[in-house]
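Below: the structure, in structure tokens.
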Amino acid sequence: MLVATNSNAVLIGIIATLIVILVLFQTSPNTIAQTDTSFTPADKFSIPSYNGTVSFAVNGTYANATLENDIWTFTNLRLNDSQPLKNLEISAQNSNVTILMVQVLNTTFQGALLSYIVEGRGTQTFNFDLNIEGAEWSVLFNGAFIAEGEGWTLSLDQTLTITGATGNVTLMCISLGGSGNRANLPFYQQHSVAIATAAAVAVMVVLAVGVRARRREHLAAVDW
């Protein structure tokens, strides 16, 4: 993992903020099909034989959702006004997963970002169906980096398997579209993983505040 020096901390903060804005406000309104199905946080996608469920913390839509071989596959998944993800495969065994956010990155950076809350020390699998050159994966448990092989693994088909996590989990794939020599590239390109990680953490802070605010509003309405 790259660690920023003090001289670069301000620059990383600025770039991270810009990435957060891009992630939160990227939209592709023309890609929503009229046949999309809407869902809310009350909807549960159960996996009976695995004793697991998948749900979402915010409203969204999908073109299709199917359960096959104990894996839910969502096509053109969109949460709120985010950019749609073409295909996302999720499974949960002995655990309940609540997806907080999922976002594809298709700017200078390419990749995906997903965060979820998990209840139960089970196993979760995710496949984003990405085809990105030079992609690097990072996984955080409750804001702390976890080394590959110590709580998560990545298979040849790019399926992430998370084991034993509780609380908040963040999955991030990031790439600049190549794995060649970056010595002559600008600072933000040489340190793309560190910058994107800072952005991911910032996104999670913003998201957590928003989720808590919505829950308080819901509770207040119920009490009223």
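Just so you know, all these numbers are worked out from the coordinates, no wet-lab data involved. This structure is a prediction, so every number in the text was calculated from the model and none was measured. Cβ atoms come from the backbone with ideal geometry, glycine included; neighbour counts cover every protein chain shown.
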For the stretch 137-143, Karplus couplings with θ = phi - 60° (6.51, -1.76, 1.60), whole Hz, Gly/Pro x | 9, 10, 10, 10, 9, 6, x
Order of Val104, Val58, Val97 from fewest to most other C-beta atoms within 10 Å?
-> Val58, Val104, Val97
Rounded, prolate or oblate: which fits the stretch 28-175, taking a ≥ b ≥ c as square roots of the Cα gyration tensor eigenvalues, rounded meaning a/c under 1.5, else prolate when a/b beats b/c?
-> oblate
Grab the beta carbon distance between Ser38 and Arg121, set R0 = 45 Å, and tell me the FRET efficiency rounded to 0.05.
-> 0.90
Length added when fully stretched, Glu150-Thr166, from 0.36 nm per residue minus Cα-Cα = 4.4 nm
Here the gain from full extension of Asn142 to Asp81, 0.36 nm per residue of separation minus their alpha-carbon distance, amounts to 19.4 nm
Which net charge results for the neighbourhood of Thr75, defined as the other residues with beta-carbon distances under 15 angstrom from its beta-carbon, given Lys and Arg at +1 and Asp and Glu at -1?
-> -2
From the Cα centre of the stretch 65-89 to that of the stretch 147-170, the distance in Å is 19
Work through the residues other than Glu89 whose Cβ is under 13 Å from its Cβ and net out their charges, Lys, Arg +1 and Asp, Glu -1.
-> -3
